[in-house]
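Engineer: Take this structure first; my questions come after.
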Number of protein chains: 2
Amino acid sequence: MSTAARPNPGLIFDTLNAYQRTEALRGAIELDVFTAIGEGARTAEAIGLRRGTSERGTRILCDCLTTMGFLEKTGGEYRLTPDSAAFLDRRSPTYLGTVARFIGTSAMTEGLRDVAERVRAGGYSTEGGTLTPGHPVWVEFARSMAPLARLSAGAVAELAWRDGAVTKVLDVACGHGLYGIAVAERGENVEVAGLDWAPVLEVAEENARASKAAGRYRTIAGSAFEVELGAGYDLALLTNFLQLHGPADCERLLRRIHAAMLPGGRVLTLGFIPDETRVHPPTQAMFALMMLGSTPEGDAHPYSAYESMFANAGFTRSEMVEIGPSRTIVSWR
Amino acid sequence: MSTAARPNPGLIFDTLNAYQRTEALRGAIELDVFTAIGEGARTAEAIGLRRGTSERGTRILCDCLTTMGFLEKTGGEYRLTPDSAAFLDRRSPTYLGTVARFIGTSAMTEGLRDVAERVRAGGYSTEGGTLTPGHPVWVEFARSMAPLARLSAGAVAELAWRDGAVTKVLDVACGHGLYGIAVAERGENVEVAGLDWAPVLEVAEENARASKAAGRYRTIAGSAFEVELGAGYDLALLTNFLQLHGPADCERLLRRIHAAMLPGGRVLTLGFIPDETRVHPPTQAMFALMMLGSTPEGDAHPYSAYESMFANAGFTRSEMVEIGPSRTIVSWR
């Protein structure tokens, strides 16, 4: 933030160079530096020998990773932080390195190469954008973001069951399908319908077959805005989806979901939900920029915006629940 | 940093998205959003009207700028922070928006688009790189980084005069020439020789003509490693230059400078100088990555490395001086 004393250009300089942090972490994941360190390579020389990289380049990269908070350095030796050991060592069951693929895919980044133009236009409406029917970026999403979803799927399932039994679930834009699957794994008779583009559903079906919900997973291929949704659902999941759209489209979709649900049914909305100020917490607030860069009307909607959308679509009430660092909205039909 | 408690993937996610901060600030500077706010446009609508941008895009951009620490937001109204008013409002005498041009120029960024390859190779040695004789990026540097140099040139000149009178200055890779000019402005008889590529020297000469040192500025066109340096200097300036090179090249240059200087003369070395750990302070430490991405052997050398280079080149002693947030090394011939 600003200093009370003498003006300081440090934040400007660091922000203009912030892209280097992204590139450094992407490079380190690509080179699998974290696994090498986890396996016992401690010095730049040892890591370089294991990865076929220069000692100088490895030292500079590992120093920067230390500065950025991903490693600890003592003398000339590097060690993984607990978070890096959990998420960036390929041998860890919670390895998240694949997340870099989706976040770095050109479909998600190209719109932000010209922020000024996005701000002029108010969004990204280029033909072939991420909301084009069947866009391949959603297969990449389903594959590479699955490990991140696994971290929170249990808590989401717990919330789904908090207010009573679940029997029939509609998982809208299900992607990897892991949220619906986690809900179904909590009960023996729960049936899930995963809705997404056909190539994405192959990923969800793979995950369902490998789960305790195998045999209770069916799919609905097509656009959530157009395809026949079915009926009789007591739970609907909207994970990382409403935020891709503006309020009018969200309401249109919510009316369709309302019509497909049983009275008393619930909708769980997961996504990046900032405070009403829209400037905090940072991760949630900054997500709006990604939506400006990759969708025509998507946004990091605050809770009040979702509450209005659900009310306008006929839902009786909504509530926001904090699950660890992320937020989920429960809405009752 | 890592959490003692439950592992948290937040830092990974935020770092993979850090490039968006760079793009957002670049976009805001290009659209001159800060000047619009400084002139009194307070809401997204008002800023949008003044700049021809959409209300939605302007609101998302300004929210993100607030999150990033460049604006303050109250209700729907934005205000400049003191730092943004000083450095990002085009009407300010210390406007730094031009800095985005050099930092964002492809010559500086392209090498970091593939960090893994830089780490393998140990540097950027591609033909046409920034160290190619006469590379146009240094004219861009001289033009766009001048406002940043003006902020510290006075303090550098003060340090140059701290230990006695100055009469003849060699400003190596002088760029905009502002450091040498500031030294010369402190004395009536000081003569400065600015050394750089010929097209860069046009910028330095422009700045000299507009200064109190007009008429006392001459130029030496060519490579600092090869051109005739002259003799009789009691001060040499090495600003943001040694860090572009490895220790061997630095020593070779320092021997040439040593030979051109009077006994008792001093060299001031300015640059990004991290602690001996090479991982702190962040701005200084991260600079090594830019050197990995744009030079074959450049680095954010720590003080001990410079001390050795100067000693090996025949200088009697060195000392590090903190000037505000940056560091300067004084070395005695």
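The values are calculated or read from the model by the stated rules, or taken from the named source; none is laboratory data. Bear in mind that the values here come from a model prediction, so they are computed numbers and not experimental data. As a convention, Cβ positions derive from the backbone with ideal geometry for all residues, glycine included, and neighbour counts pool all protein chains shown. Note: areas computed on protein heavy atoms with side chains; ligands, DNA, RNA excluded. Shrake-Rupley method; radii C 1.70, N 1.55, O 1.52, S 1.80 Å.
Residues are listed down the side, and each one gets a yes or a no for (1) assigned to a helix (DSSP H, G or I); (2) over 22 Å from A:Leu159 (Cα atoms); (3) among the polar types (S, T, N, Q):
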residue	(1), (2), (3)
A:Cys174	no, no, no
A:Gly187	no, no, no
A:Ala193	no, no, no
A:Gly215	no, yes, no
A:Thr219	no, yes, yes
A:Leu238	no, no, no
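Engineer: Could we say that A:Gly134 is in contact with a Pro (Cβ under 9 Å, 6 or more places away or on another chain), of a type outside the set (A, V, I, L, M) and open to solvent by less than 60 Å² (accessible area, probe 1.4 Å) here?
Structural biologist: yes
Engineer: Quick one: in segment B:91-124, of everything that is farther than 25 Å from B:Ala24 by Cβ and aliphatic (A, V, I, L, M), which residue is surrounded by the fewest Cβ atoms within 10 Å (Cβ to Cβ)?
Structural biologist: For segment B:91-124, the residue satisfying everything is B:Ala121.
Engineer: Which residues, taken from segment B:195-213, are assigned to a loop (DSSP other than H, G, I, E, B) and among the hydrophobic types (A, V, I, L, M, F, W, C)?
Structural biologist: Within segment B:195-213, B:Trp197, B:Ala210, B:Ala213 qualify.
Engineer: So how many residues does segment A:33-54 have that are more than 10 Å from chain B (Cβ to nearest Cβ), outside any helix (DSSP H, G or I) and touching a Leu at 6+ places or on another chain (Cβ under 9 Å)?
Structural biologist: 1
Engineer: Moving on to the next point. Looking at (1) modelled with pLDDT of 95 or more; (2) within 19 Å of A:Pro281 (Cα to Cα), which is the one condition that is false for B:Arg90?
Structural biologist: Unmet condition: (2).
Engineer: Also, quick follow-up: So, of the residues in segment B:246-257 that are in contact (Cβ under 8 Å) with a residue 60 or more places away in the chain and either basic (Lys, Arg) or open to solvent by 10 Å² or more (accessible area, probe 1.4 Å) (or both), which turns out to be farthest from B:Glu191 (Cα to Cα)?
Structural biologist: Per the criteria, the residue is B:Pro247.
Engineer: Now for a separate question. Residues that are without any contact (Cβ under 8 Å) to a residue 60 or more places away in the chain and surrounded by fewer than 18 Cβ atoms within 10 Å (Cβ to Cβ): list the strands (runs of 3 or more DSSP E) wholly contained in segment A:258-333 that include at least 2 such residues.
Structural biologist: A:317-323
Engineer: So, in segment A:69-82, how many residues would count as being touching a residue at least 12 places away in the same chain (Cβ under 8 Å) and open to solvent by 10 Å² or more (accessible area, probe 1.4 Å)?
Structural biologist: 4
Engineer: Which one of these does A:Arg26 not meet: (1) without any contact (Cβ under 8 Å) to a residue 60 or more places away in the chain; (2) surrounded by fewer than 24 Cβ atoms within 10 Å (Cβ to Cβ); (3) of a type in the set (Lys, Arg); (4) within 9 Å of another protein chain (Cβ to nearest Cβ)?
Structural biologist: (1)
Engineer: Within 30 Å of B:Pro82 (Cα to Cα), open to solvent by 10 Å² or more (accessible area, probe 1.4 Å) and either touching a strand residue (DSSP E or B) at 6+ places or on another chain (Cβ under 7 Å) or more than 7 Å from every other protein chain (Cβ to nearest Cβ) (or both): which single residue out of A:Arg59, A:Arg6 fits that description?
Structural biologist: A:Arg6
Engineer: Quickly run through segment B:134-162 and pick out the residues that are outside any helix (DSSP H, G or I) and aliphatic (A, V, I, L, M).
Structural biologist: Scanning segment B:134-162 gives a single hit, B:Met145.
Engineer: Another question, if that's okay. Inspect segment B:82-95 for any residue being within 11 Å of chain A (Cβ to nearest Cβ), part of a helix (DSSP H, G or I) and among the aromatic types (Phe, Trp, Tyr) and give the result as yes or no.
Structural biologist: Yes, segment B:82-95 contains a residue that is within 11 Å of chain A (Cβ to nearest Cβ), part of a helix (DSSP H, G or I) and among the aromatic types (Phe, Trp, Tyr).
Engineer: B:Thr66 - would you say it is assigned to a helix (DSSP H, G or I), surrounded by fewer than 22 Cβ atoms within 10 Å (Cβ to Cβ), at pLDDT 95 or above and at the interface with chain A (Cβ under 7 Å from one of its Cβ atoms)?
Structural biologist: When the stated conditions are applied, B:Thr66 passes them.
Engineer: Same structure again: What are the residue pairs meeting all of these: first residue in segment B:222-235, first residue at positive phi, second residue of a type in the set (Ser, Thr, Tyr) and in a loop (DSSP other than H, G, I, E, B), Cβ atoms under 9 Å, and 6 or more apart or on different chains?
Structural biologist: B:Gly232/B:Thr167
Engineer: Does B:Arg21 count as touching a helix residue (DSSP H, G or I) at 6+ places or on another chain (Cβ under 7 Å), of a type outside the set (A, V, I, L, M, F, W, C), more than 7 Å from chain A (Cβ to nearest Cβ) and within 19 Å of A:Tyr124 (Cα to Cα)?
Structural biologist: So B:Arg21 does not fit the description; no.
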